[in-house]
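The values are calculated or read from the model by the stated rules, or taken from the named source; none is laboratory data. Please read all numbers here as calculations on a predicted model, not as lab measurements. Because the Cβ atoms are built from the backbone with ideal geometry, glycine has one as well, and the counts that use them run over all protein chains shown. In case anyone asks, the SASA skips ligands and DNA or RNA and just uses the protein heavy atoms, side chains included. Shrake-Rupley method; radii C 1.70, N 1.55, O 1.52, S 1.80 Å.
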Amino acid sequence: MNQIFEDNEYYTGPTLDDKLVGKAEQALGFRLPRSYVQVLSQRNGGVPRKRCFAADFPTSWAPDHIEIEAIRGIEGEWGIDSSSGLGSPDMIAEWGYPEIGIVICVMPSGGHDTIMLDYSEVGPGGEPSVAYIDDDRIPRRIASSFQEFLERMKPCEHFTS
């Protein structure tokens with residue numbers, strides 16, 4: 001998981017510690033996946049080096065992939081638990097995303113689509129899958145875990161569109 005983020009701290013929150021993680025979990029009502037917390041311990045949110053994910057279905061973004069702009073951290077303006085209007089609960093309410101879990105990515109579309117940790121099959125204490133939510137607001141499972149999601153991310157140059 002080394003070198004996940006570019007050297008750009010725009011979306012980065014405060015240095016992560018157990019207290020911030022616990023506070024976010026309590027506020028959101030979900031246990032965060034260990035792999036997500038490990039990534040955030042390196043940098044608490046930011047722009048990943050690999051920002052595209054191959055999709056076997058067309059999206060509103062492209063016929064063969066999804067692109068993310070950033071991975072959300074904890075606290076700060078862009079944190080999943082932020083009260084700035086950009087936190088996960090606010091994004092779900094504003095954009096009508098399904099209430100299946102936590103919005104974890106900033107998207108180039110500005111909210112028309114998103115990536116979420118999906119707890120719908122495991123409950124708030126389980127290990128969530130990762131779902132893509134497009135304009136139709138129907139969750140499409142794209143990875144069985146956050147770890148798998150990261151491992152399958154590719155540089156966007158791999159895609160033609």
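Can you find, within region 58-90, the residue that is farthest from I133 (Cα to Cα) among those that are without any contact (Cβ under 8 Å) to a residue 40 or more places away in the chain and open to solvent by less than 20 Å² (accessible area, probe 1.4 Å)? Ranking the qualifying residues of region 58-90, first place goes to S82. Considering region 54-77, the residues that are of a type in the set (A, V, I, L, M, F, W, C) and not in a loop (DSSP other than H, G, I, E, B) include one that is farthest from the chain's Cα centre (by Cα), namely A54. Each residue in region 94-110 was checked for being of a type in the set (G, A, S) and modelled with pLDDT under 95, and 2 of them qualify. On inspection, G45 fails the criterion of being closer than 15 Å to G110 by Cβ and not hydroxyl-bearing (S, T, Y). A93 meets each of the listed conditions (1) out of contact with any Pro (no Cβ under 9 Å at 6 or more places or on another chain); (2) small (G, A, S); (3) not in a helix (DSSP H, G or I) apart from (3). Residues in region 78-95 that are among the charged types (D, E, K, R) and either over 14 Å from M107 (Cβ atoms) or within 14 Å of the chain's Cα centre (by Cα) (or both): D81, D90. Taking region 8-25 as the range and being among the basic types (K, R) and free of Cβ contacts under 8 Å to residues at least 24 places away in the same chain as the test, only K19 passes.
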